[in-house]
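*Asks:* To start, I am sharing the structure in question, which I have written as structure tokens.
The values are calculated or read from the model by the stated rules, or taken from the named source; none is laboratory data. On a predicted model such as this, the values are computed, not experimentally measured, just so you know. A quick note on method: Cβ atoms are made from the backbone with ideal geometry, for glycine too, and the neighbour counts reach across all protein chains shown. Please note that ligands, DNA and RNA were not included when accessible areas were found on the heavy atoms of the full protein model with its side chains. Shrake-Rupley method; radii C 1.70, N 1.55, O 1.52, S 1.80 Å.
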There are 4 protein chains.
Amino acid sequence: MTETAEFPDPDFGDKTRPVGWLTPTQMDEVRGLMPLVYVDAVPVRVDESGDVVQIGLLLRATESGHMMRALVSGRVMYHERVRDALLRHIEKDLGPMALPSIPASPQPFTVAEYFPTPGVTSYVDERHHAVSLAYIVPVRGDCSPQQNNLEFTWLTPEEACTPQNLAQMQGGQDVLLKQALAHVGRLPDM
Amino acid sequence: MTETAEFPDPDFGDKTRPVGWLTPTQMDEVRGLMPLVYVDAVPVRVDESGDVVQIGLLLRATESGHMMRALVSGRVMYHERVRDALLRHIEKDLGPMALPSIPASPQPFTVAEYFPTPGVTSYVDERHHAVSLAYIVPVRGDCSPQQNNLEFTWLTPEEACTPQNLAQMQGGQDVLLKQALAHVGRLPDM
Amino acid sequence: MTETAEFPDPDFGDKTRPVGWLTPTQMDEVRGLMPLVYVDAVPVRVDESGDVVQIGLLLRATESGHMMRALVSGRVMYHERVRDALLRHIEKDLGPMALPSIPASPQPFTVAEYFPTPGVTSYVDERHHAVSLAYIVPVRGDCSPQQNNLEFTWLTPEEACTPQNLAQMQGGQDVLLKQALAHVGRLPDM
Amino acid sequence: MTETAEFPDPDFGDKTRPVGWLTPTQMDEVRGLMPLVYVDAVPVRVDESGDVVQIGLLLRATESGHMMRALVSGRVMYHERVRDALLRHIEKDLGPMALPSIPASPQPFTVAEYFPTPGVTSYVDERHHAVSLAYIVPVRGDCSPQQNNLEFTWLTPEEACTPQNLAQMQGGQDVLLKQALAHVGRLPDM
């Protein structure tokens, strides 16, 4: 799950913090009290007929220095619509020229429930309990990794589903990726 | 939206409060900080072919003494799965003999975003911002209104969509009801 | 339902008829034997956040000289993928510059079952029994009515759902339009 | 794909053949002209919270004497609703005591397009082109294999997804099974 930077700018003072942003202390408190609302976006390239030809994955370094692949993911803020949160997180991770097609319908292809405890569902996030609405998002423009992302790579469904690639995904996002491919009818023969 | 009783038992002390329940003070604090995760359930009676023949609506009195119709609705708690929250709220409102068929898939038919400010979406909840996963739930057993519900009534899609009935629904649940009927292919000619 | 021109070119001889096209005699025979596979497309304009701002409707004259509004609709041919049929029918009706975004997922928002007999479902087609997969299709380009369409008009959800406009739709496509708007969360308060 | 017996009773004459049934000659003719409408049902056992705990698979012998596992599958007939076809095929394969819960919504979890030519999609049916609406169907009753089915077995998602079991499925139904499990959030770690 994307390490959402709650403070993109260190000079960003409390007074000017927009509605929805929380202080680290507030965030810590809330995390233990209730599930957070999240979105997961699976960026895809489609052909003229809408068929998915590639999936986009972020590459970043974990705190322990390992390389990991990730979907675009992040929190829905107070007074923010789900579709605006999707757009914000995609632009945050892929840059302002990505030209994402945010889905017209709010119906997600699945709901990924990240629990702090492993084994309750297929998804884990040690930091908190998050209920994440997952969407396929076709992207037409140029993507460039932003913030703490080292790389953004387009992979075919077959490349994305190699054991090597799936092993680089964390918190059950490998499962979520396969669910996305199943939903678009492009799950490779594994 | 269902007035979720956070404390079903007034003698329920803090020490023995199960994981996920919040004190009124905690609840108030959290409500202004981030969106809550909710579920909305549309109870239905189906025939042998799965066709929806009736929709179940709760009747309750508002604080101002007006009568209102409502769907089953409530919060997802910390460390609770969406499907368990659905089951809990249905049993809370319809009683233990309702025999609901909780959907096998976590994919909701829509996501209703209740904002404290009217006009952002079709749904409003003055108390907070809630992101609600909405499901159709076939119910086979006997339903009896529980808690602050005065009545539970089965209506045909046509009866449910009369202007009189829709006017008794609050916070945009009339829209959600029509979305549910549209999803099952039973939206009446209005 | 769109009057699918099975023969766009009257000089189109049998020898060069592509796979999937049927002679009128074959079509008549088949129509009484089994359901046809159809697609219905609801063309929409979306804003940056994916929110539907307009719906596109075709205007054409019926054989009796009445004006009717219609969605894009047509048959899936032998050995044609559903997504290719969607693209073909949109280009047939809206022209080659429409730039439709065919959905990545084959999951339709609903299935409209057109029966020759009224009353079985909400949809009727006197000519045959058709099982139609219905999709929302965002369109980014310039649309110009083609073939027997007199006009192609963009309407807001509110404009599309006026009784006047809905009354101009046939075979239950008014119901399908409302289902589409319900699915994208833009069903007007009626 | 289920070998649909178009004539369950060899003595079933033409005069009394119900609407929708075709003679073998008619069936052969139609098969080369246009796609057939099919349904695929994935029978599941669910727990109280709707979570899928088992998937039901049919065992039958192919013409060449091999054993194969199959989902419930079959044609939608002329003037038959999709939901009635689902019910008919489930009762045909699992017997009259299966007590299936046919979905309230006509929205399938996916559309499987079986082509006579391999490679166009993930699904193949040498006999014809079929567009199949695929549904998850919870089954509460007792299932007993009917007709040419030798056995009906309940498997956990993990058992169903072993390479051995998947290799026994034909025409891409192994892919469809994994798509079904992905949709209900129970795709095993493979």
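*Asks:* Treating segment C:40-102 as a set of equal point scatterers at the Cα positions, no solvent, please give the Debye-formula log₁₀ I(q)/I(0) at q = 0.16, 0.24 Å⁻¹.
*Replies:* Values returned for q = 0.16, 0.24 Å⁻¹ are -0.62, -1.07.
*Asks:* Run the numbers on segment A:167-190: which residues show a drop of 20 Å² or more in accessible area, chain on its own versus all protein chains together, using a 1.4 Å probe over heavy atoms?
*Replies:* At a threshold of 20 Å² (probe 1.4 Å), the residues of segment A:167-190 that become less exposed are A:175, A:178, A:179, A:182, A:183, A:184, A:185, A:187, A:189, A:190.
*Asks:* Could I ask something else about it? Out of D:116, D:149, D:131, whose Cα points farthest toward the positive end of the dipole of segment D:82-168 (charges: +1 Lys, Arg; -1 Asp, Glu; placed on Cβ)?
*Replies:* The residue sitting farthest along the positive end of the dipole is D:131.
*Asks:* Follow-up question, since we're still on this one. One decimal, nm, shortest first: give the distances between the label point of residue A:167 and those of the same position in the other copies, each label point 7 Å from Cα along Cα→Cβ.
*Replies:* 2.3, 6.7, 6.9
*Asks:* Count, for each residue of B:33-45, the Cβ atoms from other chains sitting within 10 Å of its Cβ, then give me the mean as a whole number.
*Replies:* Partner Cβ neighbours, averaged per residue: 5.
*Asks:* Here is a further query. GNM, chain A, Cα, under 10 Å: largest mean-square fluctuation among A:173, A:26, A:107?
*Replies:* Between A:173, A:26, A:107, it is A:26 that shows the largest mean-square fluctuation.
*Asks:* Going by a ≥ b ≥ c, the root eigenvalues of the Cα gyration tensor, does segment D:106-190 fall in the rounded group (a/c under 1.5), the prolate group (a/b larger than b/c) or the oblate group?
*Replies:* rounded
*Asks:* A further question follows. Running a GNM on chain C with Cα contacts under 10 Å, which residue among C:127, C:88, C:69 ends up with the highest mean-square fluctuation?
*Replies:* C:127
*Asks:* While we're looking at this one, here's another question. Taking each label point as 7 Å beyond Cα in the direction of the beta carbon, state the distances from residue C:154 to the same residue in the other copies, shortest first, in nm.
*Replies:* 2.7, 4.7, 5.4
*Asks:* Can you pull the percent of chain A's accessible area that's carbon plus sulfur, 1.4 Å probe, other chains left in place?
*Replies:* Percent of accessible area from carbon and sulfur atoms in chain A: 53.
*Asks:* Roughly how big is segment B:124-190's charge dipole about its Cα centre, with Cβ charges of +1 (Lys, Arg) and -1 (Asp, Glu), in debye to the nearest 20?
*Replies:* 200 debye
*Asks:* Taking the Cα centre of the protein assembly as shown as origin and charging only Cβ (+1 Lys, Arg; -1 Asp, Glu), how large is the dipole, in debye to the nearest 20?
*Replies:* Charge dipole of the protein assembly as shown: 0 debye, to the nearest 20.
*Asks:* Additional query: Taking a label point 7 Å from the Cα of residue A:164 along the Cα→Cβ vector, which residues of segment A:55-73 have an amide N closer than 15 Å to it?
*Replies:* Answer for segment A:55-73: A:67-69.
*Asks:* Take the rotation relating chain A to chain D, measure from its axis to every Cβ in chain A, and name the nearest residue with the distance in whole Å.
*Replies:* For chain A, the closest residue to the axis carrying it onto D is A:182, 2.
*Asks:* When the helix-only estimate is applied to chain C (DSSP H runs of n ≥ 4, each -39,500 (n - 2.57), divided by the residue count), what is the mean residue ellipticity at 222 nm, nearest 500 deg cm²/dmol?
*Replies:* Theoretical 222 nm ellipticity from helices: -6000 deg cm²/dmol.
*Asks:* Only counting protein heavy atoms at a 1.4 Å probe, give the residues of segment B:89-128, ordered by number, whose accessible area falls by 50 Å² or more when the other protein chains are present relative to the chain alone.
*Replies:* B:104, B:106, B:107, B:111, B:113
*Asks:* If you average 1/r over every pair of different alpha-carbon atoms in segment B:33-179 and take one over that average, what Kirkwood value in Å do you get?
*Replies:* Every distinct Cα pair counted, the radius reaches 15.5 Å.
*Asks:* How far, in nm to one decimal, is residue A:142 from itself in the other copies if the label point is set 7 angstrom along Cα toward Cβ? Shortest first, please.
*Replies:* Relative to the other copies, residue A:142 has label-point distances of 2.7, 6.9, 7.0 nm.
*Asks:* Between chains C and B, what is the buried accessible area summed over both chains (1.4 Å probe, protein heavy atoms, nearest 100 Å²)?
*Replies:* 1000 Å²
*Asks:* Output ³J(HN,Hα) for segment A:44-55: one whole-Hz value per residue in order, computed from phi by the Karplus curve 6.51 cos²θ - 1.76 cosθ + 1.60 with θ = phi - 60°, and x for Gly and Pro.
*Replies:* These are the phi-based 3J(HN,Hα) values: 9, 9, 10, 8, 4, 8, x, 5, 6, 10, 8, 10 Hz.
*Asks:* Something else about it: Name the most mobile residue of C:65, C:172, C:95, meaning the one with the largest mean-square fluctuation, in a Gaussian network model of chain C with Cα contacts below 10 Å.
*Replies:* Fluctuation is largest for C:65.
*Asks:* Among rounded, prolate and oblate, which fits the protein assembly as shown when a ≥ b ≥ c are the square roots of the eigenvalues of its C-alpha gyration tensor, a/c under 1.5 means rounded, and a/b larger than b/c means prolate?
*Replies:* rounded
*Asks:* What residues have an amide H closer than 5 Å to that of residue D:73, excluding those fewer than 5 places away on the same chain, when H is modeled at 1.01 Å from N in the peptide plane?
*Replies:* D:2, D:41
*Asks:* Here's a follow-up. Run the dipole for segment D:17-152 about the Cα centre, Lys and Arg Cβ at +1, Asp and Glu Cβ at -1, nothing else charged, and hand back the magnitude in debye, nearest 20.
*Replies:* For segment D:17-152, the charge dipole is close to 240 debye.
*Asks:* How much accessible area per residue does segment B:47-190 have, counting only protein heavy atoms and a probe of 1.4 Å, in square angstrom?
*Replies:* Heavy-atom accessible area per residue stands at 35 Å².
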